[in-house]
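What follows is a short report on a single structure.
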Amino acid sequence: MEETKSDKKFNRREAILNSSYICGVVEGFYGRPWTQEQRKHLFKRQNHLGLTTYLYAPKDDMKHRSQWRLLYSNEEMTLLRSLVESARDNNVNFVYAISPGLDIVYSSDKEMDTLRKKLDQVYTTVQSVGCDSFAVLFDDIEVQMQLVDQKRFKSFAHAHVYIANKIYKYLDAKVFMFCPTEYCETRTFPTLESSPYLNTIGQCLEKDIHIMWTGPQVISRYIPVGHLARVGRVMRRKPLIWDNLHANDYDLKKIFMGPLMHRSVKMKELTSGLLLNPNGRYEANFVPIHTLSDWNAADRDLLPHESGLSEDTGNLFNIDCNTETLYIPEVSMINAATTWIDEFITPSVNNAQAPILTADVAGYVPDRRECVWLLDLPESHGVIRPEPVAPADIPTENIVQSAVPPEEPVPSELNSLAADYSQPMDMVSHLDRPQSQFGMQFQGDTGENLDDESMLSMDDDEAVPLMFSGLATTEEDIKNQRLSLLTALCEMFYLPFENGPRVKTLFRDFTWLMQNASVMKKSFKEIETLDPLQSEWLVRYDAVTEFLTNSIDAFFFITQAPNKAILTEIVPYAFEAHGCCVVLIAVARWMMQGNAMDNPENYLFDDFGSSDESWISQTGLKTDTLRVFTVMENVEQMFTTRIFLPLCMFCFDIRPFTMADKEYISGMVTVMLTNNQDLLRHRAKNFADRNITPFLNSGAQHNFVCEKVDESGHKPVCYATGHADGSAFNHYLLTYKEQLKDKYRGLIEDKTVGSARLSQEHIDFIQNSQTPIEIEDWYPRIPEHIFEKYPAWVETYFGLDSTDAYPMKKVLHVVATTLAMNGSHGYFIAISNEDVERQKYFYEIGLNDLGLSDCERFRIMGQTIRSVSRQSSSSD
C-alpha cells in the first residue's frame, strides 16, 4: 500500500473496486425482508460508497429458507434477475444464498438434485437470473441428523462439507460462501480450538470457500484481532465476518444507528471480508453503512496519542481520498449524518400502489421478545428456530394504534420476490384513519397510507423541514442545527451494548442531579452568591437540558421531513425517544426550582463493562430512563402500559408551572360548546378557581403543563397538578369552598354571569361542561382510607381526542416520578361519574379503580408508586 500511496496516480476507489476483500451488506435478518426498491436503492448507495458485495439471505423469505425446494416462477425469476442486473450495474457482486438446513436429507441424491435445479435457476445461463456468486447457509438449525444421514456421514460437519463442496464444484462460482452451524465462539462445542465440527469444516471444505463467522458472540461487541487469528487457525483460512452489531431482529423495539465500532482496521489482514447484517428497518441503516465504507477505505486506526477531532479531520476520510486515511468511528458518524441531512430533506414520491398498514395489532407482545438465535446453543444443540409470537389476550375495545414500534410475529411464509410485495406502513398515516375517542385504532380500520418504498426524489420545489424560529438564521446555522439533531438521534439509538457518548454523559449527570437535588432548595439572588455545589449543579443542569432540548427538536425535524420513506421507518422510534426526553427534562426543571429532596441511593452504571449478549437488553435510552427513575418500584409497569396509544405527530414539551400560568392554562377550556364569549371567559375563570388555584395556594409542588411546540410557538395541550399531602389539601378545601361561594354568589343565587342573566340553555351548558353551579359539587369527598395508600391528590385536564392521550400519559409519568422522588408512595385522581371516557382512559394506562367518593359523584382511581417500607427507610 505504501508504494501505491506514493504513486500520484493512485485511486482509492478503483483499488477498492478491484480488491479481493469482500465488504458490503448481508440481508440476513429474521422478520420482514426488504423490498425490491429498497434493495436497488441499497445497490446505488453501495456503489457510491465502494461496498462491492450484497448477500441475499433474508431468513423469512420463503424460497430462501423455509420452502427452499420450491422453484421460482417466471415472475419471480424476472424480479430476481432485475435485482442481479441492478447490482451488476452498480458494481456490486450479488451473492445468492440458500438455507436448506431446516429439513434437508443430506444423504439423499434426490435432495441434491432439487438443490441443483433451484440454483440452476439463479446461475449464469441464458435462461437463468445470471448470478455467479453463491452461499450455502447452515446457521440456526437442528444439528441432530436423521437416521439415514447418520448411516452415511461420520458427523454433522461431514454432511455439511459434502453438500457445500458438491454445490461449489457444480456451480464453479466466482465467490462461494459457507455459514457453519457453529458460527461464533459461544456456539462452539466444547471450545473453539477443540471443536470437532469446526476442525472438520476447516480441514475438508474446499480451500476457496469462504467460511462465515460472527465473532466471539452472535452479536459481538468486540471482535479482537487475537480472536480472529485463533479462528483462522481452526478454519485453515481467513474467516468472512457476518457482523450482527446493528441487527435488531431479536428486539424490534430497538434500532441501532451508531457507527461501526470496536472493529480495528487491522481486522482486514486476518479476514477475507466483512458483511454488515443491519437493522431490518432499511432507512435506519444510513449511518452504519456509511461508517462501514469509511472503515473499508481506511489504512489504519487512530493511534492513542493522536487527536481525532482536528479541523482537518475531513481530509483523513472518504473513499475518494487518495492520501492516508484513518478510521475514527465518532467522526465517521458525524460525516455520515452530514450526508444524511440531504436525504431527509429530499421529498420522496409515492408509489402508485401504496403498501397497506395492517390494523391487526393483536400481535401485541411484551417489550422484548427473546429470539432464539440470540441464545447460546445447549450441549444437545436442539432446534434453533424463531417461533411466531402468540397474540396477547386483550379485549377488542382496548386495542389501539401503537405509540412504539410493534413487534411483528415472525412470518412463516413471505415472498419478497412477489410483484405486490411491500413492507407494511407503521404509524405514520394514523391521522387519516377513523378513530374512536382517544384515537383508539380498532381492527378492520382502513385508510390512506404514506409510501415507504419509493427512493426517487421530486424535482419540484417542496417545503423542507421547518426549524424552530430564532434558533437558526443563516444557511450554515441551519445545516449545523440539523447535524446536531441527527447526531443526537444516532446517539440515542447507538449500539446494542452502549449509548452514544453524550447519552452516557446525560444519564451520568442526571443521576448526579438527583443525588444532589436538595442543594437547589437554597435560594440565591445573584450568580455570585452560589455555593460551589449549587454552581456545579447548574452547570450539569445546563448540559442535561441542552442535550434533551436538542433531542426533542430532533423529533420535530423528523416529523417534518419531506422524505416519507425515512419518516415511516424512523418516526416510531424517535417518538418513543421523544417521550423519554420530555419526562427527563421536565423532572430536571422541577429539581432546578428547588422542589426535590436528595436521592442518594439512586445510581446508574456508566458502562456494564461486559461484551456478553445478556447486557443487550439492559442498555438503550428507554432502559436507562427507567433506571434513573428506580425511585419508583414499578417504574417499568408505569412506562409500559397495557394498551397501544395513538402516535401523536407533533412535538411537545413538559415544564413546571406556577400561578403566573393560571390564565394561560385555563385558556385550554375556552374551546367549548358555545360561541358566547362571556360564558367562555366565565368557564376559564371558574376552571382556574376550581382546578388550579386551590392546589397552588395550598402548597402543591408537582405542577406540570404539556405544550405543543412548533414554529408558531407554544400552546397548552394538557396539565396535571399534584399535592403530595392529599389529606391536608382535603382540609384546605373546607375553607376554600366558602371563599368560592362568596365569589360566585351571583351565579349560585341569581344565575347571573356579570350583568347577564343565564338562560336555561346556558345553565345546561355550564352543567354539561362538568363545572356544576353548586360549589359543593365541585369537589369529591374522599374516604379517609384512600389517603393511607394513595396520599397524593392529583388533578388533570386534557381533551377527549387522540392528540392528548399520549401527552397526558407523559405528564402523569412526570408527576408520579417527582412524587416518588420526594417519598410519596401513591396518588389518586377523582373523575366525575358521568365522565366514563376519562375513567376508561386512566384505567387503560394503569390506574386502579378505588371505588366511589363518599358523595358518590366521583370515581376515584389511583396508582402506587413506592412501597411504604421503602418510603419510610428512605426518610430515616
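The values are calculated or read from the model by the stated rules, or taken from the named source; none is laboratory data. Just so we're clear, the structure is a prediction, and the values are computed from it rather than from any experiment. Glycine also receives a Cβ, built like all others from the backbone with ideal geometry; neighbour counts cover every protein chain displayed.
Values as computed for the structure displayed
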| read-out | value |
| --- | --- |
| Residue that is surrounded by the fewest Cβ atoms within 10 Å (Cβ to Cβ) [pool: residues in the range 48-68 that are of a type in the set (S, T, N, Q) and modelled with pLDDT under 95] | 67 |
| Conditions (1) surrounded by 17 or more Cβ atoms within 10 Å (Cβ to Cβ); (2) modelled with pLDDT under 95; number of the one not met by residue 515 | (1) |
| Contacts under 8 angstrom Cβ, first residue in the range 479-490 being more than 18 Å from residue 621 (Cα to Cα) and surrounded by 23 or more Cβ atoms within 10 Å (Cβ to Cβ), partner β-branched (Val, Ile, Thr) and at pLDDT 90 or above, 6 or more apart | 482/341 |
| Selection within the range 790-813 - out of contact with any Cys (no Cβ under 8 Å at 6 or more places or on another chain) and either assigned to a helix (DSSP H, G or I) or β-branched (Val, Ile, Thr) (or both) | 794, 809, 812, 813 |
| Residue 584 vs. criteria over 23 Å from residue 254 (Cβ atoms) and modelled with pLDDT of 90 or more | no |
| Total residues in the range 546-591, condition aliphatic (A, V, I, L, M) and farther than 12 Å from residue 654 by Cβ | 11 |
| Any hit, the range 542-552, residues being farther than 30 Å from residue 248 by Cα and surrounded by fewer than 23 Cβ atoms within 10 Å (Cβ to Cβ) | yes |
| From the options 303, 270, residue that is farther than 29 Å from residue 569 by Cα, among the aliphatic types (A, V, I, L, M) and without any contact (Cβ under 8 Å) to a residue 12 or more places away in the chain | 303 |
| Residue match in the range 151-158 (condition: surrounded by 21 or more Cβ atoms within 10 Å (Cβ to Cβ), aromatic (Phe, Trp, Tyr) and closer than 30 Å to residue 615 by Cα) | no |
| Residue match in the range 814-821 (condition: surrounded by 24 or more Cβ atoms within 10 Å (Cβ to Cβ), closer than 16 Å to residue 720 by Cα and in contact with a Cys (Cβ under 7 Å, 6 or more places away or on another chain)) | no |
| Tally of residues being in a loop (DSSP other than H, G, I, E, B), in contact with a strand residue (DSSP E or B) (Cβ under 7 Å, 6 or more places away or on another chain) and under 16 Å from residue 702 (Cα atoms) across the range 546-601 | 1 |
| Test: residue in the range 89-96 that is in contact with a Cys (Cβ under 7 Å, 6 or more places away or on another chain), closer than 23 Å to residue 176 by Cβ, assigned by TED's automatic domain parsing to the domain that holds residue 171 and not in a helix (DSSP H, G or I) | yes |
| Some residue of the range 500-522 being closer than 30 Å to residue 38 by Cβ, of a type outside the set (Lys, Arg) and not in a helix (DSSP H, G or I) | yes |
| Near pairs, Cβ below 8 angstrom, 6+ apart or cross-chain, from the range 328-348 (within 16 Å of residue 561 (Cβ to Cβ)) to any residue that is at pLDDT below 90 and aromatic (Phe, Trp, Tyr) | 344/557 |
| One residue from 78, 114 being buried (at least 17 other Cβ atoms within 10 Å of the Cβ) and farther than 28 Å from residue 13 by Cα | 114 |
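Okay, residues lined up against (1) within 26 Å of residue 42 (Cα to Cα); (2) in contact with an Asp or Glu (Cβ under 8 Å, 6 or more places away or on another chain):
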| position | (1), (2) |
| --- | --- |
| 104 | no, yes |
| 110 | no, no |
| 115 | no, no |
| 119 | yes, no |
| 131 | yes, no |
